[in-house]
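Chemist: Here's a structure for you.
The values are calculated or read from the model by the stated rules, or taken from the named source; none is laboratory data. Since we're looking at a predicted model, the values are computed, not measured. Note that each Cβ is placed from the backbone with ideal geometry, even for glycine, and that neighbours are counted across all protein chains shown. Each accessible area value is taken on the protein alone, full model and side chains, heavy atoms only, with ligands, DNA and RNA left out. Shrake-Rupley method; radii C 1.70, N 1.55, O 1.52, S 1.80 Å.
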Amino acid sequence: ESALVEKEGASPFTDTQNPEIAALAAAGIVQGKGEGLFDPAGTLSREEMAAILGRMAAQLGLTVPASASADPYDDEAQIAVWARE
């Protein structure tokens with residue numbers, strides 16, 4: 001079992017009781033869609049996946065290198081504030 005999934009507890013989400021998702025939420029890696037929902041059958045946006053991977057890297061003690069360009073994405077202005085880091 002992964003060190004990331006060692007935390008136990010009740011799911012903070014009303015639409016899933018999956019223990020792995022609950023552990024990832026307890027570790028601060030997944031935060032759901034809001035209002036107590038995880039939306040397990042929904043789609044994942046690029047910015048949501050990037051935020052999850054960034055939080056997971058931080059939990060593992062990995063350093064994510066800064067981009068070589070000040071503006072690496074053509075659509076950077078459309079990236080939500082919570083996903084920018």
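Chemist: Filter region 65-85 down to the residues that are open to solvent by less than 100 Å² (accessible area, probe 1.4 Å), of a type outside the set (D, E, K, R) and assigned to a loop (DSSP other than H, G, I, E, B), then identify the one that is modelled with the lowest pLDDT.
Modeler: The residue in question is SER69.
Chemist: Something else about it: Can you pull out the residues in region 20-64 that are in a helix (DSSP H, G or I) and without any contact (Cβ under 8 Å) to a residue 12 or more places away in the chain?
Modeler: ARG46, MET49, LEU53, ALA57, ALA58
Chemist: A further question on this structure: Scanning for something open to solvent by less than 50 Å² (accessible area, probe 1.4 Å) and modelled with pLDDT of 95 or more, does region 5-12 turn up at least one residue? Quick ask: steps written out before the conclusion?
Modeler: So the first thing to find is which residues in region 5-12 are open to solvent by less than 50 Å² (accessible area, probe 1.4 Å), and the list is 5, 11.
Subset that is modelled with pLDDT of 95 or more: none.
Scanning region 5-12, I find no residue that is open to solvent by less than 50 Å² (accessible area, probe 1.4 Å) and modelled with pLDDT of 95 or more, so the answer is no.
Chemist: Quick one: in region 13-56, which of the residues that are surrounded by 14 or more Cβ atoms within 10 Å (Cβ to Cβ) and β-branched (Val, Ile, Thr) is farthest from ALA80 (Cα to Cα)?
Modeler: Per the stated criteria, the residue is THR16.
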